[in-house]
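For reference, the structure is listed below as structure tokens.
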Amino acid sequence: MTLEVNSECVFCKIVAGDLPCHRVYSDDNVFGFLDIGPVSPGHVLVIPKRHFETLVDLPAELAATMGSVLPKMAKAVIESTGADGLNVLQNNGVCAGQVVNHAHFHLVPRVADDGLGYRWRAGKYEPGEAEKLCEQISAALAL
Ligand code: AMP
Ligand code: ZN
């Protein structure tokens with residue numbers, strides 16, 4: 001269920017100032033703060049101020065606003081931490097590792113040989129499978 005504010009939501013409480021955080025960014029629609037359990041120093045979460053559970057729930061205009069903030073947030077995180085690069089991670093649903101049900105982007109600064117790793121096993125399509133998926137996804141987008 002999608003609500004403007006969810007009184008049970010830890011990120012809504014942070015936005016409202018009812019829970020503490022290390023805030024790095026705030027505008028009318030978007031909020032950025034340090035992840036309490038950083039994967040690396042400077043790990044930032046970027047969230048919409050309004051409560052939407054997943055990426056799929058975000059209104060396009062809000063998603064565009066968030067997209068317009070991400071590059072400057074990423075640049076600030078990289079420059080201030082001295083990182084060599086950065087991962088953007090966005091989990092949707094329990095099966096995908098989402099723990100907090102308020103849509104969020106992780107910005108994880110990376111340095112060479114930091115040992116964090118990041119490799120998913122690459123798969124392979126059976127003959128005709130890619131074509132079928134391509135058709136299905138294109139059709140869904142046309143709806
Ligand atoms: P996800 O697994 O994508 O839902 O990530 C949720 C993230 O929220 C985790 O990396 C947590 O460390 C982080 N988190 C949970 N509670 C807080 C909090 N009170 N302040 C900052 N970060 C939090
Ligand atoms: Zn929320």
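Considering region 68-95 alone, what residues qualify as being more than 15 Å from the chain's Cα centre (by Cα) and open to solvent by 40 Å² or more (accessible area, probe 1.4 Å)? Lay out the reasoning, then the answer.
First, pick out the residues of region 68-95 that are more than 15 Å from the chain's Cα centre (by Cα): 75-76, 78-85, 95.
Passing the criteria: K75, A76, I78, E79, S80, T81, G82, D84, C95.
I'm checking my understanding of the structure. Among residues of region 21-36 that are touching a residue at least 24 places away in the same chain (Cβ under 8 Å) and either over 21 Å from A63 (Cα atoms) or not polar (S, T, N, Q) (or both), which one is farthest from ligand 1 (Cβ to nearest atom)? Outline the logic, then answer.
So in region 21-36, the residues touching a residue at least 24 places away in the same chain (Cβ under 8 Å) come out as 24-25, 27, 29-30, 32, 35.
Narrowing the set further to residues that are either over 21 Å from A63 (Cα atoms) or not polar (S, T, N, Q) (or both) leaves 24-25, 27, 30, 32, 35.
Values: V24: 11, Y25: 14, D27: 19, V30: 16, G32: 11, D35: 5 Å.
The selected residue is D27.
All of (1) within 24 Å of Y118 (Cβ to Cβ); (2) more than 16 Å from ligand 2 (Cβ to nearest atom) hold for E61 with one exception: (1). Residues of region 21-41 that are in contact with a Gly (Cβ under 9 Å, 6 or more places away or on another chain) and surrounded by 18 or more Cβ atoms within 10 Å (Cβ to Cβ): V24 alone. When I78 is tested against (1) more than 30 Å from L141 (Cβ to Cβ); (2) in contact (Cβ under 8 Å) with a residue 24 or more places away in the chain; (3) within 16 Å of ligand 1 (Cβ to nearest atom); (4) in contact with a strand residue (DSSP E or B) (Cβ under 6 Å, 6 or more places away or on another chain), exactly one condition is not met: (3). Of all the numbered requirements in (1) touching a helix residue (DSSP H, G or I) at 6+ places or on another chain (Cβ under 7 Å); (2) open to solvent by less than 40 Å² (accessible area, probe 1.4 Å); (3) more than 13 Å from ligand 2 (Cβ to nearest atom); (4) not in a loop (DSSP other than H, G, I, E, B), I47 misses one, and that requirement is (3). When restricted to residues that are within 15 Å of ligand 1 (Cβ to nearest atom) and in contact with a strand residue (DSSP E or B) (Cβ under 7 Å, 6 or more places away or on another chain), region 89-118 contains 12.
Quick check on my filter: what residues within region 50-62 are more than 12 Å from ligand 1 (Cβ to nearest atom) and in a helix (DSSP H, G or I)?
First pass over region 50-62, keeping only residues more than 12 Å from ligand 1 (Cβ to nearest atom): 50-52, 56-62.
Result: V56, D57, A60, E61, L62.
For T65, the conditions (1) of a type in the set (V, I, T); (2) more than 16 Å from ligand 1 (Cβ to nearest atom); (3) open to solvent by 80 Å² or more (accessible area, probe 1.4 Å) all hold with the exception of (3).
Check region 12-20 and report whether any residue there is free of Cβ contacts under 8 Å to residues at least 60 places away in the same chain, crowded, with 19+ Cβ neighbours inside 10 Å and within 14 Å of ligand 2 (Cβ to nearest atom). Walk me through how you get there before you give the answer.
Narrowing region 12-20 to residues free of Cβ contacts under 8 Å to residues at least 60 places away in the same chain: 13-20.
Filter once more, so that each one left must be crowded, with 19+ Cβ neighbours inside 10 Å: 14-15.
Okay, now just the ones that are also within 14 Å of ligand 2 (Cβ to nearest atom), so 14-15.
The answer is yes, given that some residue of region 12-20 is free of Cβ contacts under 8 Å to residues at least 60 places away in the same chain, crowded, with 19+ Cβ neighbours inside 10 Å and within 14 Å of ligand 2 (Cβ to nearest atom).
Right, L86: closer than 30 Å to D114 by Cα, more than 8 Å from ligand 1 (Cβ to nearest atom) and either in a loop (DSSP other than H, G, I, E, B) or free of Cβ contacts under 8 Å to residues at least 60 places away in the same chain (or both) or not? So L86 passes the test.
The values are calculated or read from the model by the stated rules, or taken from the named source; none is laboratory data. Just so it is clear, the model here is predicted, and its values are computed rather than measured. Reconstructed Cβ throughout: ideal geometry from the backbone, glycine too, with neighbour counts over all protein chains shown. We work out accessible area using only protein heavy atoms, side chains counted, and drop any ligands, DNA or RNA first. Shrake-Rupley method; radii C 1.70, N 1.55, O 1.52, S 1.80 Å.
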